[in-house]
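Read through the structure below, which is laid out as C-alpha cells, and then see the notes.
The values are calculated or read from the model by the stated rules, or taken from the named source; none is laboratory data. As the structure is a prediction and not an experimental result, all values here were calculated from the model. Cβ sites come from the backbone with ideal geometry, for glycine too, and all protein chains shown count toward neighbours. For accessibility, only protein heavy atoms count, side chains too; no ligands or nucleic acids. Shrake-Rupley method; radii C 1.70, N 1.55, O 1.52, S 1.80 Å.
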Amino acid sequence: MTDDSTVLVTRHPVPADGEGIHVAEVTLNRPDKLNAWTAAMRDRLVAALDEAGADPQCRAVVLTGAGRAFCAGQDLAETAAIDPDDHAAAEAWIDDFGRLFRAVRALDKPVVAAVNGVAAGSGFQFALLADLRIGHEGVRMGQPEVLSGIPSITGIWAMRGILGRAKTAEFALTGRLVDGTEAQRLGLLSRLVDQDRVKSEALAEAARLAELPPGAVALTKGRLRELDDAGLDEAVEAAKEVHTAAYATGEPQREMARFLAGRRR
C-alpha cells in the first residue's frame, strides 16, 4: 500500500491467474470532508492513476472513497477564494480537471467505481468515467453545481452519453440528487448490492476483468475512448470560457460563501 494521506493505493493480487497480476484500489481518503478534493489532492490522484496505467502487472482499477462518501466534488473553501479578476486561476482550475479526467480515460485496463455514498458535482463526473459503477440503494448521485453558482459544463459532457439530452438538462439545471435505485434505472449505476458489499463486489468484478486478455481489453477501451475524445476536448475548452466569465461576475464566490456559511438553497 502507498499512502500520501489523501489518496491511498492498495494492490490486490489476482491469485487465480498465477502470473502475479493485481487490481489497484485507489481510495480518496478525506472522509471528514466527504472526500471533497483540492488541487493538491487531484495531483496525487493523477499520479496514482498514471502509475497504475504504466504498471503491466496492474490489470484493473477500482475507484472508491473512504467513509460514507465516494466524492462530494470540489472543496468549495478552495474555489470560493478565486479572485473575480484572476481569469488565469479559473482556467487553471478547469485544466486541472481536464488532466484528471484524461488520466482516468487513458487507462487501457478496466475501471470499476465502488460508489459507497455521495457522488456529487465533479465527484459524480469522476464516477461516470469508470467503465462499471457498483453502488447501493442509499447512494446519492447528481450534479448540484448550479446551486453553488457554478455552471455545469464538463458535467453536461459526462452525463449526456448516459442520460441523453432531456435528463442531462434536468440534472444540470435542478441540481437534484438521485438515490441508488433511480441511479441504476437511469444507467448511472451498473449494479446495486447491499451497502456493506459495495467494495468487495467492485474488487471481485475488477478481478474477473483482470483475467481477460489484456490486448483485447486495451483495444476495446481505445475505441470507446475515440468515440468521445473530441467531445471532452471541446467541453474543457468551453468550460474554461464559461467558468472564466462566471467567476468574473463574482456570483460563484458569493454562492459558495453562502453554502459554506450554512445558508443552503
Answer yes or no as to whether Phe101 is of a type in the set (Phe, Trp, Tyr), under 15 Å from Leu189 (Cβ atoms) and open to solvent by less than 10 Å² (accessible area, probe 1.4 Å). no
For Gly164, all conditions in the list (1) over 22 Å from Glu251 (Cβ atoms); (2) in contact (Cβ under 8 Å) with a residue 12 or more places away in the chain; (3) open to solvent by 20 Å² or more (accessible area, probe 1.4 Å); (4) of a type outside the set (Val, Ile, Thr) hold save one; what is the number of the exception? (2)
Do you know which residues across region 34-80 are in contact (Cβ under 8 Å) with a residue 40 or more places away in the chain, in a loop (DSSP other than H, G, I, E, B) and in contact with a Gly (Cβ under 8 Å, 6 or more places away or on another chain)? Leu34, Asn35, Ala36, Gly67, Arg68, Ala72, Gly73
So in region 187-204, with the set limited to residues that are open to solvent by 40 Å² or more (accessible area, probe 1.4 Å) and either of a type in the set (Gly, Ala, Ser) or touching a Ser or Thr at 6+ places or on another chain (Cβ under 9 Å) (or both), which one is farthest from Glu137 (Cα to Cα)? Ser200
Answer from Leu107, Leu147, Leu128 - the residue that is open to solvent by 10 Å² or more (accessible area, probe 1.4 Å), touching a residue at least 60 places away in the same chain (Cβ under 8 Å) and under 21 Å from Ala230 (Cβ atoms): Leu128
Checking Leu209 against (1) within 25 Å of Ala106 (Cβ to Cβ); (2) open to solvent by less than 30 Å² (accessible area, probe 1.4 Å), which single condition isn't satisfied? (2)
Exactly one of Ala90, Ala114 is open to solvent by less than 10 Å² (accessible area, probe 1.4 Å) and under 28 Å from Tyr247 (Cα atoms), and that one is Ala90
Mind telling me which of the residues Asp55, Asp17 ends up being closer than 15 Å to Pro214 by Cβ, open to solvent by 20 Å² or more (accessible area, probe 1.4 Å) and at pLDDT 95 or above? Asp55
Of these, Gly250, Gly222, which one is on the phi > 0 side of the Ramachandran plot and not acidic (Asp, Glu)? Gly250
Could you give every pair whose Cβ atoms fall below 8 Å, whose first residue belongs to region 188-200 and is touching a residue at least 12 places away in the same chain (Cβ under 8 Å), and whose second residue is open to solvent by 70 Å² or more (accessible area, probe 1.4 Å), counting only separations of at least 6 or pairs across chains? Ser190/Gln184; Arg191/Gln184; Leu192/Glu137; Leu192/Thr181; Leu192/Gln184; Gln195/Glu137
